[in-house]
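The numbers here are math on the coordinates, done by the rules we state, and not lab data. Since the model is a prediction, treat every value here as computed from it, not as a measurement. Quick reminder, even Gly has a Cβ in these numbers, built from the backbone with ideal geometry, and neighbours come from all protein chains shown.
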Amino acid sequence: MAFDKIVVPATGEKISLRDGKLHVPDNPIVAFIEGDGTGVDIWAASQPVLDAAVEKAYGGTRKISWMEVYAGEKANEVYGEAIWLPEETLDAIDEYLVAIKGPLTTPVGGGIRSINVALRQRLDLYACVRPVQYFNGVPSPVKRPELVDMVIFRENTEDIYAGIEWEAYTDDVKKVINFLQVEMGVNKIRFPESSGIGIKPVSEEGTGRLVKAAIQYAIDNDRKSVTLVHKGNIMKYTEGAFMGWGYKVAAEEFGATPLDGGPWHVLPNGLIVKDVIADAMLQQILTRPAEYEV
């Protein structure tokens with residue numbers, strides 16, 4: 001594929017996807033978005049570290065060929081016309097499969113509300129995977145930081161990250177509130193004249209693929225438990241459905257069965273799938289961090 005502003009490295013090969021697995025050549029082309037603000041400094045420090053790590057790990061037999069693609073302020077400078085996320089950036093990431101990015105600014109005014117959210121939506125980056133681990137010698141306010149070793153899987157494209165909302169006092173939000181009140185019989189909007197409204201879609205498909213990825217990760221990495229964190233006690237048809245669908249995936253995809261009558265489940269290999277209300281989770285990861293792994 002030919003690009004307008006993006007320069008493909010003269011050396012390097014594409015990473016490919018076969019049978020659901022990445023196949024990485026010895027000289028892979030990896031796209032990068034430098035980022036805005038501190039992103040410029042972060043990337044300047046990160047690239048040589050990554051290159052040195054590859055050199056150290058493979059003794060010079062492998063090397064990354066970096067390819068810059070544009071988003072944020074730099075895209076606006078390169079492409080002009082208030083273009084913050086060029087189509088060819090998305091095309092390049094689609095074609096070369098792997099990309100790394102720095103922090104991006106949110107444009108002031110109209111257009112894209114959040115470039116990060118736009119990237120997630122357009123590329124369907126549904127799983128935000130965040131390892132959280134203590135490194136010996138690093139100061140920590142947690143009493144037993146050495147017990148913290150978890151990997152968080154966060155849904156990235158649904159719920160609040162769908163970005164569906166209407167600003168207070170606008171004609172659009174008045175239409176939404178009127179529909180909710182007149183057509184749906186909603187009478188719980190305390191201050192309708194001054195309220196913004198947001199919608200958080202949660203689907204069985206979106207939940208299923210996230211939970212499946214989390215459970216598979218736990219199996220592949222010898223983890224002991226997967227925890228579904230939710231607010232189903234308040235929002236039964238979104239948060240509560242997330243919990244229910246999560247258990248369904250565990251049962252149908254991994255052969256899990258109810259543990260001591262449920263709702264917790266256990267896989268044939270002993271992996272526990274459990275759930276916890278978000279409030280309790282935030283407390284217990286401080287008081288009992290060893291109980292949470294994925």
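What to note about this one:
- Listed conditions (1) over 30 Å from ASP275 (Cα atoms); (2) among the charged types (D, E, K, R); (3) within 25 Å of the chain's Cα centre (by Cα) are all met by ARG130, apart from (1).
- Residue check for LYS143: assigned to a loop (DSSP other than H, G, I, E, B), surrounded by fewer than 17 Cβ atoms within 10 Å (Cβ to Cβ) and of a type in the set (Lys, Arg): yes
- Restricting attention to region 1-22, the residues that are in contact with a strand residue (DSSP E or B) (Cβ under 9 Å, 6 or more places away or on another chain) and exposed (fewer than 12 other Cβ atoms within 10 Å of the Cβ) total 5.
- From VAL173, VAL151, VAL129, residue being surrounded by fewer than 18 Cβ atoms within 10 Å (Cβ to Cβ) and of a type outside the set (Lys, Arg): VAL129
- Sub-7 Å Cβ pairs linking a first residue in region 251-273 that is within 21 Å of ALA241 (Cβ to Cβ) to a second residue that is surrounded by 15 or more Cβ atoms within 10 Å (Cβ to Cβ) and basic (Lys, Arg), at least 6 apart or interchain, are GLU253/LYS212; TRP264/LYS274, ordered by first then second residue.
- PHE135 within 26 Å of the chain's Cα centre (by Cα), of a type in the set (A, V, I, L, M, F, W, C) and surrounded by 13 or more Cβ atoms within 10 Å (Cβ to Cβ): no
- Each residue in region 23-67 was checked for being on the phi > 0 side of the Ramachandran plot, surrounded by fewer than 19 Cβ atoms within 10 Å (Cβ to Cβ) and in contact with a Pro (Cβ under 9 Å, 6 or more places away or on another chain), and 1 of them qualify.
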